[in-house]
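Bear in mind that the values in this text are calculations on the coordinates, not laboratory data. In this text the structure is predicted, and so the values were computed from the model without any measurement. Glycine gets a Cβ as well: all are built from the backbone with ideal geometry, and neighbour counts include every protein chain shown.
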Amino acid sequence: MNRYNSGFREPPWVMGSPKEVMEWVEASHPGKKIDDKHKFEKNYLTNLHIKFDFDVDHTIVKSSSLLGRIIGLYNVEEDFELFPTAKLILRGLAKAKFRNTAKIVVDSKVIYEHPEKKSDLRKTIDDFGIFSNEISKGKILEITAILDDVEKSTAVIKIKKIHSKKEHSVDIQIKGKIRSDIYHTFLNYLNENIGLKEN
């Protein structure tokens, strides 16, 4: 009903019953109905193993053993700095909600170990400069980080400056369940900040 012939329906409290009030409210501001098809589903990935190479210059290093030279084995040395790369990888893990740096190993030597669940990955990043000398001289770095949120998983990341032809410079193993959006956050961060080449 309209008193002024404007073409717009007036609110029922001007002239109407409680039923008309509810009909007007529903017509003016319909309730949001969520369709089951549009509900957000969390996708999980389990036990991932990813290998990458850095998009940098490579140098061929001949095998040091006599047998290796006879059969033509050789290693590849990649032109990147281990310390800044390690720091960027730790930041990528922090962005992907990993909270605990459990261990850092350089050339088979443990330089940091903190397996307690309450340790803070961001604090490790802030204090990372104390390891700069040891990491910069190294050839192989291994970082173990723990994601202990709704899902639990452990990431073991190996970065090798020198590796065999069949290996890759980055080898990532994520043991356990991880949400696909967290995984892609990590990979996107690495790709944007380091420059990875997927094989």
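Between H49 and I162, the distance separating the two model label sites (each 7 Å from Cα on the Cα→Cβ line) works out to 2.6 nm. Legend: distances between Cα atoms for K109/K177; K42/K103; K137/K158; K51/K109; K97/K160; K51/K158; pairs beyond 20 Å are K109/K177; K42/K103; K51/K109; K97/K160. Shape analysis of segment 44-198 yields a ratio of the Cα radius of gyration to the Kirkwood radius, Rg/Rh, of 0.99. Peptides 45-55, 183-193, 81-91, 96-106 ranked from most to least packed by the mean count of surrounding Cβ atoms within 10 Å: 96-106, 81-91, 183-193, 45-55.
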